[in-house]
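Data block below; observations after.
The values are calculated or read from the model by the stated rules, or taken from the named source; none is laboratory data. Bear in mind that the values here come from a model prediction, so they are computed numbers and not experimental data. When we count neighbours, we look across all protein chains shown, and the Cβ atoms used for this are built from the backbone with ideal geometry, even at glycine.
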Amino acid sequence: MKQILLSLLLVGFSSAAFCQSSFYKERYRPRFHFTPPIDWMNDPNGLVYHHGEYHLFYQFNPMGNRWGHMSWGHAVSRDLLYWEHLSVALAEEKDTMIFSGSCVVDQQNSSGFATAPGQVPMVAIYTGHIEGKNQSQHIAYSLDDGRTWKKYDHNPVLDLGKKDFRDPKVFWYAPEKKWIMAVVLPLEKQVQLYASHNLKGWQLMSEFGPAGDTTGIWECPDLFQVPVAGEPGKYKWVLMHSPAPYMQYFVGEFDGTRFVNENKTEKIYRPDYGPDYYAAITYNNLPAGAAPISIGWVNNWDYANAIPTTPWKSMMSLPRNLSVRKKNGEWVLLQQPVTAVQQLRTHQRSWKNIRTKSEYTLPVQSQVCELSLSMLIPAETVSGIRLAAGAGHYFEIGYDAAQKILYIDRSGAGDTSFHPAFAALSRYQTPLQPVNGKINLHIFFDKSIIEVFANDGEAVMTAQLFPEEKNNGITLFSKGGAVLFPGIDYWEIKPIW
Ligand code: FRU
């Protein structure tokens with residue numbers, strides 16, 4: 001079967017072709033999140049919109065179901081829902097792996113890669129990795145909307161002679177008509193910003209960090225402008241990156257040279273407070289006025305290679321729209337799943353005013369669903385919802401009113417035996433204030449992933465789980481007093497494959 005899948009990968013094939021097959025129906029296989037057909041995947045790379053297509057490149061091992069032989073896998077979508085798998089875009093070279101990076105549309109042909117009038121080059125900027133020796137920044141280009149790629153003859157374009165120097169995110173800075181690259185020095189815990197006029201020569205402009213979370217190495221930086229929610233025409237800049245094994249963000253201003261953080265320096269702000277959200281970056285070249293869109297890798301390096309899925313490993317998050325809002329003097333990143341996801345809804349059910357002081361089982365069963373609910377929270381209660389429930393097992397999403405904490409707990413949700421770190425990393429939490437006495441939860445459950453967006457995306461938590469297929473109950477719960485759930489909406493979600 002692997003041979004068939006490999007040849008399909010080489011010619012490229014679409015999600016429609018998949019529907020007819022038994023592929024993509026494996027145990028744990030998400031139905032509406034992106035996964036590669038076979039083999040290992042990590043970071044999203046080169047997210048770019050061009051000629052009506054959203055490109056998703058990703059760290060990919062075409063040779064197996066563990067990390068290695070890093071290359072760029074490739075898929076495209078017209079709506080961020082249904083994806084067409086394409087053949088490997090950038091393949092590993094003899095001694096150089098293709099690590100993470102980004103992709104731009106070179107509208108003015110500043111790189112000179114276009115050879116005929118009307119051609120618009122797509123340029124990928126990635127890290128060339130020579131194991132144990134060197135990491136430097138390389139470029140490659142495509143003149144056919146990303147279907148075929150040619151590596152630049154004079155790579156690398158930026159080499160500090162270092163062993164760790166990676167993950168270039170390049171974007172066009174219109175006010176000064178120049179390219180900007182955010183790239184990390186992982187061990188120094190610094191983001192460097194470089195500028196270029198042709199994507200081939202780069203000058204250092206400034207450095208940011210160490211700051212915030214400095215416990216792990218720093219990876220996968222991104223610098224982008226976001227709208228301020230509810231204030232049309234107002235924007236801030238977000239510097240986001242992955243201090244392993246989680247992510248953090250800073251919000252402030254960027255003047256074309258330097259990023260200045262305006263949030264508290266002693267506090268750590270995370271785009272996702274769950275265990276499984278990493279290396280997220282945003283799309284380049286979106287249509288004017290479109291809100292930024294990010295995609296993250298749903299896994300955690302502490303156990304990533306050991307998760308019990310086959311013949312593939314890892315999925316991507318739902319694409320998320322980003323904005324910021326000022327709350328109590330701090331800038332908070334807001335994330336919402338892109339509205340296109342609503343097109344997948346089917347079989348809606350709604351319930352009003354359910355009150356429980358122990359447990360209330362909803363009359364639906366599913367491991368592929370979306371829920372939107374609010375809870376009126378009295379003091380001293382712990383309440384919420386359990387998914388993948390059955391035979392005493394469940395994944396719990398709860399709010400602790402005394403401590404004002406939102407938490408997820410997957411310790412009883414299924415298989416945790418495959419890696420001690422997965423079993424240990426089971427409960428995650430973040431402070432969250434009720435709004436008008438209420439906590440709102442918007443939840444996506446897709447076989448082996450749960451994404452929770454709380455209070456309009458002010459706190460987000462993403463986690464993997466590996467439950468028994470028969471454990472598909474959904475239960476509301478409360479401890480310490482009665483809790484009212486004024487409204488609950490539920491949808492089954494159509495598969496994208
Ligand atoms: C982040 C990362 C990047 C690197 C890539 C290698 O998950 O470690 O820093 O470029 O993965 O696959």
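Annotations for the structure displayed:
- Residue count for the range 89-104 satisfying the condition of being away from the ligand (no atom under 13 Å from the Cβ) and within 22 Å of Asn285 (Cβ to Cβ): 3.
- Residues satisfying the stated conditions in the range 439-473, i.e. buried (at least 19 other Cβ atoms within 10 Å of the Cβ) and in contact with a Lys or Arg (Cβ under 7 Å, 6 or more places away or on another chain): Asp446, Lys447, Ala463, Leu465
- Filter pass, Ala244 being within 16 Å of the ligand (Cβ to nearest atom) and either surrounded by 16 or more Cβ atoms within 10 Å (Cβ to Cβ) or under 30 Å from Phe34 (Cβ atoms) (or both): yes
- Screening the candidates Ser142, Ser87 for the property of being in the same structural domain as Ile281 (by TED's automatic domain parsing), surrounded by fewer than 18 Cβ atoms within 10 Å (Cβ to Cβ) and farther than 17 Å from Met181 by Cβ yields one hit, Ser87.
- Ser110, sole failed condition from (1) farther than 16 Å from Ala195 by Cα; (2) of a type in the set (Ser, Thr, Tyr); (3) crowded, with 17+ Cβ neighbours inside 10 Å: (1)
- Members of the range 301-318 found to be under 24 Å from Pro221 (Cβ atoms), crowded, with 24+ Cβ neighbours inside 10 Å and not aliphatic (A, V, I, L, M), listed by number: Ser314, Ser317
- Verdict on Ile354 being surrounded by 14 or more Cβ atoms within 10 Å (Cβ to Cβ), of a type outside the set (S, T, N, Q) and under 27 Å from the mean Cα position of the chain (by Cα): no
- Filtered residue count, the range 207-246, keeping only those that are part of a strand (DSSP E or B) and either charged (D, E, K, R) or more than 19 Å from Val460 (Cβ to Cβ) (or both): 11
- The range 112-125 residues that are in contact (Cβ under 8 Å) with a residue 24 or more places away in the chain, paired with ones that are in a loop (DSSP other than H, G, I, E, B) and of a type in the set (Asp, Glu) (beta carbon under 6 Å, 6 or more apart): Val123/Asp106
- Subset of the range 358-380 (residues that are more than 20 Å from Pro495 (Cα to Cα), at pLDDT 95 or above and surrounded by 14 or more Cβ atoms within 10 Å (Cβ to Cβ)): Tyr360, Thr361, Leu362, Leu373, Ser374, Met375, Leu376
- Against the criterion of being within 15 Å of the chain's Cα centre (by Cα), farther than 21 Å from Pro37 by Cα and crowded, with 20+ Cβ neighbours inside 10 Å, Leu333 qualifies.
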